[in-house]
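First up is the structure itself, then whatever we jot down about it.
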Amino acid sequence: MGSAVAQSDDDSAELFSLAVQDVRPLSVPVRAVHQAKKPKPIPKQFLRDEQQALVDSLSDHYIPAYELETGEELLYLRDGHTPDILRKLRKGKWVVQAHVDLHGLISDEARLLVSNFISDCKKRGIRCVRIVHGKGLGSRNREPILKHKLRGWLMQKDEVIAYAEAKKQDGGSGAVIVLLKA
């Protein structure tokens, strides 16, 4: 049986020699082939830490020292700004340049989306945005959970100068118009 294996190896070597008889070596230096650049590592933990920092920067338990709230209407003006800003915001004097809709999101998803949305708008130079939080009709107790959480989140963001409940045609009590710093 040993001679059959040796015969088979000889045939394979001969077949290989015939198959590669017209092959010519590449003119590329060998060292160039081995010097391919390694891709930079993706800092996955750093990215996770950045996302967690965004989430952690907005607390659900924030209690503002100063807030203008009239009944159910949401109003807020950061200290150091004139009430004229809030009046203009309520009357729709600023053009809404971007919007985000939080319908169907759970609290943690909404918090992350709001934080990313505001940061992105700030980077793009967007000043006036609408955030649709809904009226809570689809929630467990038919209460606007995100509406109340959004109020606290927005007050914690340094980029936010003021916000007011949207006009009826822009979502009414289910949305807020937010003015961001320049």
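The values are calculated or read from the model by the stated rules, or taken from the named source; none is laboratory data. Predicted model, so just to flag it, every value in this text is computed and none were measured. In this analysis, Cβ positions are derived from the backbone assuming ideal geometry, glycine residues included, and neighbour counts consider all displayed protein chains.
Numbers for the structure displayed
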quantity	calculated
Residue in segment 106-129 that is modelled with pLDDT of 90 or more and part of a strand (DSSP E or B) present	yes
Those residues of segment 77-131 which are without any contact (Cβ under 8 Å) to a residue 12 or more places away in the chain and surrounded by 15 or more Cβ atoms within 10 Å (Cβ to Cβ), in sequence order	LYS88
Qualifying residue in segment 136-155 (condition: at pLDDT below 90, among the hydroxyl-bearing types (Ser, Thr, Tyr) and either surrounded by fewer than 20 Cβ atoms within 10 Å (Cβ to Cβ) or out of contact with any Ser or Thr (no Cβ under 6 Å at 6 or more places or on another chain) (or both))	yes
